[in-house]
Every structure is written in C-alpha cells, then in structure tokens.
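The values are calculated or read from the model by the stated rules, or taken from the named source; none is laboratory data. Remember, predicted model here, so these are calculated numbers, not experimental data. All Cβ positions, glycine included, derive from the backbone under ideal geometry; neighbour counts span all protein chains shown. For the accessible areas, the whole protein counts, side chains as well, though only heavy atoms, and no ligand, DNA or RNA atoms are used. Shrake-Rupley method; radii C 1.70, N 1.55, O 1.52, S 1.80 Å.
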Amino acid sequence: MKIKVWDLPIRICHWLLVIIIAFQFISVKVLDEEMLANATQWHFYGGYACLAIVIFRILWGVLGTYYAKFSQFVISPIKTLHYLRGKGSQDYIGHNPMGAYSVIALLSLILAQAISGLFTTDDIFNDAPYYGVLNNFWQAIANFIHHNIVYVLLGFIVLHIGVILFYKIKHKKHLTSAMITGKKTVNEAVHSQGSFPWLGFIVCIAMTAITLYFIIEIWPPVPVDDYFGY
C-alpha cells in the first residue's frame, strides 16, 4: 500500500532548492550582463531565496509533519554506523540514517553559502547587504567560503544523485517519484504522516518572512555611494 510521507512544503522546498541552486551556478559561471540584465542582482535574489528556504526547513523540522521533523529521522552516530555496517534491520520509511545526515550536511552547506554571500561584492556596482562590515581578514574568509564551498556543495549533490540511482537500481526504491508525489509504497502498517499542522505552517512562514526581512532590510548598515571618491 502507499502512504503519504513527504508533505507539500517539504517537496516544494526540495524542488525549489534544485531550481535555485542550478540558477545560482549558471548565473555566475555562464550568464553575463548581456545574456541576463542585472545578473549579479538576480544572483543575490537567488541567495535570499535559498536562505529563506533553509530557515523555513529548519523551523518545519520542528513544527512540521511527522516525517519532516528532525526528531524523527536524525539518530545517533553509533546507530548510523550500525546501519552502514548492515547490522540494522529496520526499513526506514522517511530518511534513513545516512539520508538524515545528508539532509543536515546539505542544509548546512547551503546556509553557509547563503550567509557568506551576504558579505560579497561583484567589485563593480553590486554589493551584498553586509559588504564592508567585516575587516579585511574576515572579509577574505567570507569571500573564500562563498567562492569555494560551492564546490563541496556540488560534490554532495552529485553524491546525493548517485545514491538515488543506487537505490533505484539495486533496491528498486524510487526516491525521486516519492519526492514528487509525496507517497511511498510500504508492506506493513506504519506511522502515518498525520494531519497537516496548519498553525505550525503559518508560524514557520511568518517567522521565515520576519527573519529574512530583518536580515535583508533592517540589520544591514546604510550603503555608502563611494564610486567617485566622495
């Protein structure tokens, strides 16, 4: 039988990140101002969107449906090691232990990429909201993180795709279709997703919007036009 595992917010967050991360990479490595007007500014917008999605996902991991909660799928490293050694017999409906730590790693990398991007500039006309706040040492670190951690992120994404293909070929588990429909096939009665927590959803949306507004509009210092030296 099929049961609902991944709720709509989880699926929307997942596929939006796929689209936006692809755009972010293309907007820097492929597009220029002739191909896309204000390409750098659009890159900033994409970073804000990634930041919002990660903030929402973290909140939803606390207030969301059963299989979306971190408490449901993040287990101890020892149990994860047993799983990798094949000592665990449990068939995980949501994220398995490795999938759980992959989620944490990917969210952490995207968050680091988005936050470090808040301190960058294209050295021409476009400055991120917090460019100029850091001293030279920390500015160099922010630049290094933003321009290099992306390759670690891409490596994790390639690994993620490889694992999906492995499960499809070896274990006949269609993880991609489950992330589209939200449903998985199970052979026994398991914990259902439960009713949708509308109050929690509204709280997550509101807190995400307020947090992003403060990060982008309230907390940044007032920009100073210094292009002509006065």
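May I ask you to give the solvent-accessible area per residue for the chain, in square angstrom, as obtained with a 1.4 angstrom probe? Numbers along the way, then the final one.
Numbers: 14420 Å² over 230 residues.
Using a 1.4 Å probe on heavy atoms only, each residue of the chain averages 63 Å².
For the chain, what is the calculated [θ] at 222 nm in deg cm²/dmol (nearest 500), taking -39500 (n - 2.57) for each run of four or more DSSP H residues and dividing by its residue count? Write out the running numbers ahead of the final one.
Values: 8 runs with 138 residues, N = 230.
For the chain, the value works out to -20000 deg cm²/dmol.
Relative contact order for the chain using alpha-carbon pairs under 8 Å, separation at least 6, rounded to a whole percent? Kindly include the intermediate steps, with their values, before the conclusion.
Working: 212 pairs, mean separation 71.9, N = 230.
Relative contact order of the chain: 31 percent.
For helix 8-29, what angle does its Cα long axis make with the longest principal axis of the chain, in degrees from 0 to 90 and rounded to 10?
For 8-29 against the chain, the angle is about 40 degrees.
Report, in debye and to the nearest 20, how large the dipole of the chain comes out about its Cα centre when Lys and Arg carry +1 and Asp and Glu carry -1 on their Cβ. Don't skip to the end; give the middle numbers.
Working: 15 positive and 12 negative charges, 400 e Å.
Using only the charged Cβ atoms, the result is roughly 1920 debye.
Considering the options Leu107, Pro9, Leu175, tell which one lies farthest towards the positive end of the dipole of the chain, charges being +1 on Lys and Arg and -1 on Asp and Glu at the Cβ, about the Cα centre.
Leu175
Could you check the simple spin-label distance between Phe166 and Thr211, using points 7 Å along Cα→Cβ, in nm with one decimal?
Reported label-point gap for Phe166 and Thr211 is 3.1 nm.
With a 10 Å cut-off between alpha carbons and a GNM built on the chain, which of His43, His82, His146 moves the most?
His82
Based on the Cβ-Cβ distance of His191 and Ile12, what FRET efficiency does E = 1/(1 + (r/R0)^6) give at R0 = 30 Å, to the nearest 0.05?
Details: r = 23 Å, r/R0 = 0.75.
With R0 = 30 Å, the Cβ-Cβ based efficiency is 0.85.
Check the straight Cα-Cα distances from Lys2 and name the lysines below 26 Å, setting aside those fewer than 8 residues away within the same chain.
Straight-distance partners of Lys2: Lys69, Lys168, Lys170, Lys172, Lys173, Lys183, Lys184.
With a point put 7 Å past each Cα toward its Cβ, work out how far Ile78 is from Ser177 in nm, to one decimal.
Result for the modelled spin labels: 3.9 nm.
Give the whole-number value, in cubic angstrom per residue, of the convex hull volume spanned by the C-alpha atoms of the range 111-154. Don't jump to the answer; show the numbers that get you there.
Working: hull volume 3.0 nm³, N = 44.
Once divided by residue count, the hull of the range 111-154 is 69 Å³.
At a 1.4 Å probe, what is the % contribution of carbon and sulfur to the accessible area of the range 1-85? Mind dumping the intermediate values first?
Values: 3190 of 4620 Å².
Here it works out to 69 percent.
Taking the Cα centre of the range 105-230 as the origin, how large is its charge dipole in debye, to the nearest 20, when only Lys and Arg (+1) and Asp and Glu (-1) carry charge on their Cβ atoms? Walk me through the numbers on the way to the answer.
Working: 6 positive and 7 negative charges, 253 e Å.
The dipole magnitude comes to about 1220 debye.
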